[in-house]
Amino acid sequence: MPLWLQHPLDYAAGIPWLQLMIDSFWSLFSAGLTFTVPLAILSFIGGLIVGFITALARLYAPKPVKWLFDFYVWVIRGTPLLVQLFLIFYGLPSAGITLDAFPAALIGFTVSVGAYTSEIIRGAIMSVPKGQWEAAYSIGMSSSQAMRRVILPQSVFVSLPPLSNSFISLIKDTSLAAVITVPEMFLAAQRIVSVTYEPLVLYVEAALIYLLFSTVLSKLQTRLEVYYRRYE
């Protein structure tokens, strides 16, 4: 059992802030590793799949299908993520659909990420010069082959930085899952605050751990960009 939970009165009486941060660090960090990071990774993978399908549909599908995906992107980009999470977790039970907190958050973040990444992927595909299509056709490739072997590999270079930034932002956005009771890092901080009555110390510590996660991901993003730049 964490020290802050074993001796809540001591913390309420004014335990030094550094000791409180040390005692609560693992509770926050483990919540980040157990819920924050997996939620972000799974949501981003799902969002990439949704975004890729959406981007292709908006570029090449028949107009009725294109309009449907346009509407999806318009709605998701035009409404707050917090409202979307509330609709899924608190609103759907009114329609007879009840989801646990984590699946509800996963669906909400996936749908949101899909709308935004679709714009990134669509822009990356459109940035490839038309001459690349013509060159692919000239050597006998079909449209699907040209897309798979010529267009998409070049689109990766364009889309990698904004997609990486989206993932880093998603790590921070997962803190919104606390409002639907997902026990991720920010909710863990709120629970410790309710016992220790030290909101400033705990929220600063949570912010520093988010900063740590974001810094590590930023370093990985830089290395990934350097790796792919070798093949330009």
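The values are calculated or read from the model by the stated rules, or taken from the named source; none is laboratory data. Everything numeric in this text was worked out from a predicted model, so none of it was measured. Cβ sites come from the backbone with ideal geometry, for glycine too, and all protein chains shown count toward neighbours. Heavy atoms of the whole protein, side chains included, go into the accessibility calculation; ligands, DNA and RNA do not. Shrake-Rupley method; radii C 1.70, N 1.55, O 1.52, S 1.80 Å.
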Area of Y137 that stays accessible when all protein chains are in place (1.4 Å probe, Å², to 10)
100 Å²
When the charge dipole of the chain is computed with +1 at the Cβ of Lys and Arg and -1 at the Cβ of Asp and Glu, the Cα pointing farthest to the positive end, of A207, L170, I22, is that of L170
Pick from S194, S159, S214 the residue whose mean-square fluctuation is largest in a GNM of the chain, springs joining Cα atoms under 10 Å.
S194
With unit charges on the beta carbons (Lys and Arg positive, Asp and Glu negative) and the dipole taken about the Cα centre of the chain, which residue among F89, P153, G114 sits farthest to the positive side?
P153
Distance from a point 7 Å along Cα→Cβ of F25 to each backbone N in the range 203-220: keep the residues under 20 Å and list them by number.
203-217
Bin width 10 Å, alpha-carbon pairs only: give the P(r) of the chain as whole percents, running from 0 to the bin holding the largest distance.
7, 25, 28, 21, 12, 5, 2, 0
Accessible area (Å², 1.4 Å probe, nearest 10) - I53
90 Å²
Over all Cα pairs of the range 70-115, how is the pair count split among 5 Å bins, expressed in % and running from 0 up to the last occupied bin?
5, 24, 30, 22, 16, 3
For the chain, with every protein chain kept in place, what is the accessible area per residue (1.4 Å probe, Å²)?
55 Å²
Report relative contact order for the chain in percent, whole number only (criteria: Cα-Cα under 8 Å, sequence separation at least 6).
30 percent
As a test question: what accessible area, to the nearest 10 Å², does V150 have when a 1.4 Å probe is rolled over all protein chains in place?
20 Å²
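What does the helix-only formula give at 222 nm for the chain: each DSSP H stretch with n ≥ 4 adding -39500 (n - 2.57), the total divided by the residues, and the result rounded to the nearest 500 deg cm²/dmol?
-24500 deg cm²/dmol
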Extension gain, F157 back to Y197 (0.36 nm per residue minus Cα-Cα distance, nm):
9.6 nm
